[in-house]
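Quick notes on the structure that follows.
Derivation of every value follows stated rules applied to the coordinates shown; laboratory data play no part. Note that the structure is a prediction, hence the values are computed from the model and not measured. Cβ atoms come from the backbone with ideal geometry, glycine included; neighbour counts cover every protein chain shown.
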Amino acid sequence: MKTHYSFLRILTGADLAIRRLPVMRAESDRPGPVVWLTACMHGEEVGGMALIHDLFNRLRKNGLHKGQIYSFPLMNPWGFETMGRNVHPTQEDLNRCFPGNPHGTLAERMAQKVFDAILDTGPSLVLDLHHDWVRSVPYGLLDPWHDKLSRTAWEESRQWLSHCDMLQVSDHETISGSLTHNLLARGIPALTFELGESFRINEPQIRFGVEVVWKILERLGMVDPMPNPPRPPLPRPCDGRLLEYAGGPVTAEAGIIRYQVLPGEIVRKNQPIARIYNSFGKQLKTLKAPAKAVVLGYRDYAMVFPGMPVMAFGLIKD
Ligand SMILES: [Zn+2]
């Protein structure tokens, strides 16, 4: 197996510095599946980059039997350098700009280069690595079915998700500018992995993510199983069920929020999940779970304003 490091050129800056995206590739001598890992599309979601580093280190030690693994470890260097979600100079969300446009905005041009680079390799599967809030648990996310998508690619993605030893969630809305949506529309299986907390590297969550990706590569016959893989104490799949993503409840008050449940916990309908207090300590409201669900995560700040959804759930439907 060989590893290659290269760059995809994005643009020349005002200071004439060439801006480019790093590309990592592991290549076996034998032909086989082509798997992509993309990370740091949102600049503060940094853990996917560490996952890719750890995965490539493991590939160097254990080898790759067939095929190729490509990755963009840092898709949004401007967001990363400024610790923000968006492409900083234009404040665009890169994951709303696919498939991109060579004559469009800065982020649309970046998206087009990324998208074309991925398509050029004839990918078998693309895993787009993201992170939610500081307090959140890892889960795999499938795009909702949409008639613009390839049924075969969507079914295959669903199959891949069902093999992942992690919480499995179906997104509640179609995001037509996302990377995964546009790959699925081109007939390429694609999943989003939300791998827990953003901003910093949560080591157990990253180890968990490496194991999930390794298992996929193992199923594809690309790598050997790991003897005694580490198993961090993170939420197991809900009986292999596909949960439905839901944000909420929405507050009607402003104040300080105190949570009563933890990410990864299963809550029942109407279970109290958080309380809102005013600055004198008077309780204004008790928020309740909308349905039986897994708590996926909650807001990074203690402050709430009216109209803010405070939590994310994976609804467990009977
Ligand atoms: Zn993200």
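Pick from Leu183, Leu16, Leu142 the residue whose mean-square fluctuation is largest in a GNM of the chain, springs joining Cα atoms under 10 Å. So, out of Leu183, Leu16, Leu142, the one fluctuating most is Leu16. Identify the chymotrypsin sites (Phe, Trp or Tyr not before Pro) of region 243-299 meeting these criteria: DSSP loop state and at most 12 other C-beta atoms within 10 Å of the C-beta. Those satisfying the criteria are Phe280.
Annotation for Arg9 and Arg219: the two label points, set 7 Å from Cα along the Cα-Cβ direction, are 4.0 nm apart. Diffusion coefficient of region 243-315 by Stokes-Einstein, Kirkwood radius over Cα pairs, 10 °C, 1.306 mPa s: 132 µm²/s. With the chain treated as a Gaussian network of Cα nodes joined by springs under 10 Å, which of Ile118, Ile188, Ile18 yields the largest mean-square fluctuation? Comparing Ile118, Ile188, Ile18 in a Gaussian network model of the chain, the most mobile one is Ile18.
Taking Glu211, Glu173, Glu156 in turn, the Gaussian network model of the chain (Cα-Cα springs below 10 Å) assigns the largest fluctuation to Glu173. Computed per residue of the chain from DSSP H runs no shorter than four, each worth -39500 (n - 2.57), the mean residue ellipticity at 222 nm is -7000 deg cm²/dmol.
Radius of gyration (Cα atoms) of the chain, expressed as a multiple of 2.2 N^0.38 Å: 1.02. Angle of helix 151-163 to the longest C-alpha principal axis of the chain, folded into 0 to 90 degrees and rounded to 10: 70°. Computed from the C-beta positions of Lys292 and Ile18 and an R0 of 51 Å, the FRET efficiency is 0.45 to the nearest 0.05. For helix 106-120, report the angle its Cα long axis makes with the longest principal axis of the Cα atoms of the chain; keep it between 0 and 90° and round to the nearest 10°. Compared with the principal axis, the helix lies near 50 degrees. Once divided by 2.2 N^0.38 Å, the Cα radius of gyration of region 11-123 becomes 1.14. Cα centroids of region 289-304 and region 124-153: how far apart, whole angstrom? Each part's Cα centre sits 20 Å from the other's.
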